[in-house]
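K.L.:
Would you mind keeping the following structure in view while I ask a few things?
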Amino acid sequence: QVPLKPGRSLMDWIRLTKSGKDLTGLKGRLIEVTEDELAKHNKKEDCWICIRGFVYNVTPYMEYHPGGEDELMKAAGTDGTDLFDQVHRWVNYESMLKECLVGRMAVKPIAAAKGDIYFNDCLLFVGMLPEKNVLASSTKDLTPRLILVVFSKLLSLDVLLQKYYDWFQTDSLITVVIYTKQKDVNAELVIVDCQDKRLRGEIIMDDYSYLVEVDLDHAVSEDVTVNIAEKVGKVEIILKKKDDIHWKMLGQPCEGHNTLIKRTDRGLFYRKCKLVSKTEVTHDTKLFCLMLPKGTHLRVPTGQHVYLKQIITGTEVVKPYTPVLPFLPLDFQEPPHHDGVHIYLMIKIYSCGLFTQALDHLQIEDYISVSNPEGNFKKSQVQTSEDLILLAGGTGFTPMVKLLNFALAEVSSLRTVKLIFFNKTEDDILWRNQLEQLALKDERFEVQFILSQPTKDWVGRQGKISSSLLSEFVKRRSRKDSKVLVCICGPTPFTEQGVQYLKDLGYSQEEIHAFTA
């Protein structure tokens, strides 16, 4: 993010969009835009951008964009969909830029396809099997209705993925079975929501998402049970019937039902979670505890984040946050137990922050929308390392919480785990006592606090992230010495500078993971 001029906050932009001012320059008309016409509008004082087939005049938004004008100019006069998805596909641009809508892109004629059919970089073959009445209480005679075979162009062509589902019933239960044919499916990769007679089950497999989504034929209770047979990749979603009646069908399929597509092409899904507690962590940071709905099965993987969505003065506003634990465990004899009901978020409340102020004003038992998890961090990055270094700036500490816990509790190959924690003042240090206790408890763990604005009483290190400072703590040893992973998170300049300093110190791109959202 870049500093914005006074009067250019999110609230100021919302006020401008509601002022009635013509932000497109077209006096309310919507037009069809050709590629040639779009390309003409490629200057700061005249900038149009296409996102998912819709063209927006973002000229008036330039000074309000938190990422700065230069980021918007990267897509000036072009289709910016891919760039938008890379940086922040979670932003609800339709709501933020609705008063800037110029019109649709003109559709170009597409030549008829020859040979293999590709969709989203995948070679598709869809085969229908004869459908039977599926009313039995046993799966022995079940015939899958659909087999979707996907040859990924990103994988060797001998890799074959098959995805399909089926369902059966007893007098009191409905069981939906998803056969993934994957051996590494676990609870973190299965997301289930059952609300108001709609069932949504999503399975995450690397960069792909398989979805079952139906409007159920009859009502079910709020309680949902999810069973996962990891060795064979079978997922069972068990629903309790509200009435002991025989279902003739599972329900009506929704858009996207029974599809396997790239995760980035699957829209974000939100459910309303209840705020059950707010506790103070520091003078400006609080720990929010949210309760998932009864019909939701959701585990946020280590290193991944969720999005919170609020309607603020009529505009949908979305921000990413990384869930943490309720506290730092000090006993690693057993893997941590997740209750599967609560999500904990450590959030800094900014005095002039529109979104965090709205969060802080939520009352206990109020609701807020929480998305499915996102992120590209893989636990295997830690499991194959011998030394783990964590660089955190301020609330960039949040992804490090679960990562610390996972590393110390479950990765026996790690020799050292070092946290370098940058803050302005002592009062800003999150969970300082817990981190110091953890360092005393586990000899593998070391924490170093570095302050940029310390008082005269501070006896620790001071300064901002720099090459010389990092060289003292994370100097690269011989590559033969150790397999190292360095994770970094903080404000954008902190992260970008830190990554460059690490590369200057000899770390490769593969040894660095930057948490960004």
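K.L.:
Could you calculate the contour length gain from LYS18 to LYS262, that is, 0.36 nm times the residue separation minus the distance between their Cα atoms, to one decimal place in nm?
P.N.:
Working: separation 244, 0.36 × 244 = 87.84 nm, distance 3.61 nm.
This chain segment gains 84.2 nm when fully extended.
K.L.:
Okay, moving on. For an R0 of 22 angstrom, estimate the FRET efficiency from the Cβ-Cβ distance between LEU325 and GLU365 and round to the nearest 0.05. Walk me through the intermediate numbers first.
P.N.:
Numbers: r = 23 Å, r/R0 = 1.04.
Efficiency for this residue pair is about 0.45.
K.L.:
Could you give the length gained on full extension between LYS240 and ASP217, defined as 0.36 nm per residue of separation minus the Cα-Cα distance, in nm?
P.N.:
7.0 nm
K.L.:
Can you tell me the order of 384-392, 182-190 when each peptide is scored by its average per-residue count of other Cβ atoms within 10 angstrom, highest first?
P.N.:
Details: 384-392: 21.1, 182-190: 16.3.
Highest to lowest by the protection proxy: 384-392, 182-190.
K.L.:
According to a simple spin-label model (label point 7 Å from Cα along Cα-to-Cβ), what is the distance in nm between ALA358 and SER468?
P.N.:
Once both label points are built, they end up 4.5 nm from each other.
K.L.:
Only Cα pairs under 8 Å and at least 6 apart count here; give the relative contact order of the stretch 162-262 as a rounded whole percent.
P.N.:
Relative contact order here is 33 percent.
K.L.:
Additional query: What order, most packed first, do the peptides 20-29, 67-76 have when packing is the mean number of other Cβ atoms within 10 Å of each residue?
P.N.:
Numbers: 20-29: 11.5, 67-76: 15.8.
So the peptides 20-29, 67-76, ranked by packing, come out 67-76, 20-29.
K.L.:
Using R₀ = 51 Å, calculate the FRET efficiency as 1/(1 + (r/R₀)^6) where r is the Cβ-Cβ separation of ARG29 and ARG415; round to 0.05.
P.N.:
On the way: r = 66 Å, r/R0 = 1.29.
Taking R0 as 51 Å, the efficiency between ARG29 and ARG415 is 0.20.
K.L.:
Shifting gears a bit: Can you give me the relative contact order of the stretch 313-414 as a percent, contacts being Cα pairs under 8 Å and 6 or more apart? List each step's numbers first, then the result.
P.N.:
Working: 66 pairs, mean separation 38.6, N = 102.
Reported relative contact order: 38 percent.
K.L.:
Report relative contact order for the stretch 10-105 in percent, whole number only (criteria: Cα-Cα under 8 Å, sequence separation at least 6).
P.N.:
Once normalised by length, the contact order is 40 percent.
K.L.:
In the stretch 237-342, which GluC sites (Glu not before Pro) fall in coil by DSSP and have 16 or fewer other Cβ atoms within 10 Å? List each step's numbers first, then the result.
P.N.:
Numbers: sites: GLU255, GLU280, GLU316; in loops: GLU255.
Passing both the DSSP loop test and the Cβ count: GLU255.
K.L.:
Okay, next question. Could you tell me which label, among (i) 25.9; (ii) 27.0; (iii) 28.1, carries the value of Kirkwood radius over Cα pairs in Å calculated for this structure?
P.N.:
Structure-derived value, by its label: (i).
K.L.:
So which of LYS278/LYS456; LYS309/LYS348; LYS197/LYS402; LYS274/LYS309; LYS294/LYS379; LYS18/LYS274 end up more than 24 Å apart by C-alpha?
P.N.:
Values: LYS278/LYS456 33 Å; LYS309/LYS348 16 Å; LYS197/LYS402 34 Å; LYS274/LYS309 13 Å; LYS294/LYS379 28 Å; LYS18/LYS274 30 Å.
Cα-Cα > 24 Å for LYS278/LYS456; LYS197/LYS402; LYS294/LYS379; LYS18/LYS274; rest within.
K.L.:
Kirkwood Rh over Cα pairs of the stretch 301-389 into Stokes-Einstein at 37 °C, 0.692 mPa s: D in µm²/s? Before the final figure, lay out each step's value.
P.N.:
Values: Rh = 15.7 Å.
Result for D is 209 µm²/s.
K.L.:
Tell me the per residue accessible area of the chain using a 1.4 Å probe; a whole number in Å² is fine. Don't jump to the answer; show the numbers that get you there.
P.N.:
Working: 26760 Å² over 517 residues.
With the other protein chains kept in place, the chain gives 52 Å² per residue.
K.L.:
Mean projection of the alpha-carbon convex hull of the stretch 162-262 over all orientations, in nm²? Before the final figure, lay out each step's value.
P.N.:
Details: hull surface 24.0 nm².
Its average projected convex-hull area is 6.0 nm².
K.L.:
As I understand it, the dipole of the chain uses +1 on the Cβ of Lys and Arg and -1 on the Cβ of Asp and Glu, about the Cα centre. Which of ILE238, SER95, THR495 lies farthest toward its positive end?
P.N.:
THR495
K.L.:
Same structure again: Could you work out how far apart the two model spin labels at LYS378 and THR170 are, taking each label as a point 7 Å from the Cα in the direction of the beta carbon, and quote it in nm?
P.N.:
Between LYS378 and THR170, the simple spin-label model gives 4.0 nm.
K.L.:
Using a cut-off of 12 Å between alpha-carbon atoms, which aspartates and glutamates can reach LYS183, once sequence neighbours fewer than 8 places away in the same chain are excluded?
P.N.:
List returned: GLU230.
K.L.:
Here's another thing I want to ask about it. Relative to the present Cα-Cα distance, how much length would full extension add between GLN453 and GLU496 at 0.36 nm per residue of separation? Each step should come with its number before you reach the end.
P.N.:
Numbers: separation 43, 0.36 × 43 = 15.48 nm, distance 2.12 nm.
Result for the pair: 13.4 nm of gain on full extension.
K.L.:
Restricting attention to the stretch 315-399, which chymotrypsin sites (Phe, Trp or Tyr not before Pro) occupy a DSSP loop and are surrounded by at most 12 other Cβ atoms within 10 Å? Intermediate values should be presented prior to the final figure.
P.N.:
Values: sites: TYR321, PHE327, PHE332, TYR344, TYR350, PHE355, TYR367, PHE377, PHE397; in loops: PHE327, PHE332, TYR350, PHE377.
Of the chymotrypsin sites (Phe, Trp or Tyr not before Pro), the ones in loops of the stretch 315-399 whose Cβ has at most 12 other Cβ atoms within 10 Å are PHE327, TYR350.
K.L.:
Among 438-451, 51-64, what's the highest-first ranking by average C-beta atoms within 10 angstrom per residue? Please report the intermediate quantities before stating the final value.
P.N.:
Details: 438-451: 16.1, 51-64: 19.6.
Ranked by mean Cβ neighbours within 10 Å, highest first: 51-64, 438-451.
K.L.:
Run the dipole for the stretch 162-262 about the Cα centre, Lys and Arg Cβ at +1, Asp and Glu Cβ at -1, nothing else charged, and hand back the magnitude in debye, nearest 20. Please report the intermediate quantities before stating the final value.
P.N.:
Numbers: 13 positive and 19 negative charges, 61 e Å.
Roughly 300 debye for the stretch 162-262.
The values are calculated or read from the model by the stated rules, or taken from the named source; none is laboratory data. Fair warning: this is a prediction, and the values are worked out from it, not measured in the lab. Cβ: placed from backbone, ideal geometry, glycine included. Neighbour counts: every protein chain shown. Please note that ligands, DNA and RNA were not included when accessible areas were found on the heavy atoms of the full protein model with its side chains. Shrake-Rupley method; radii C 1.70, N 1.55, O 1.52, S 1.80 Å.
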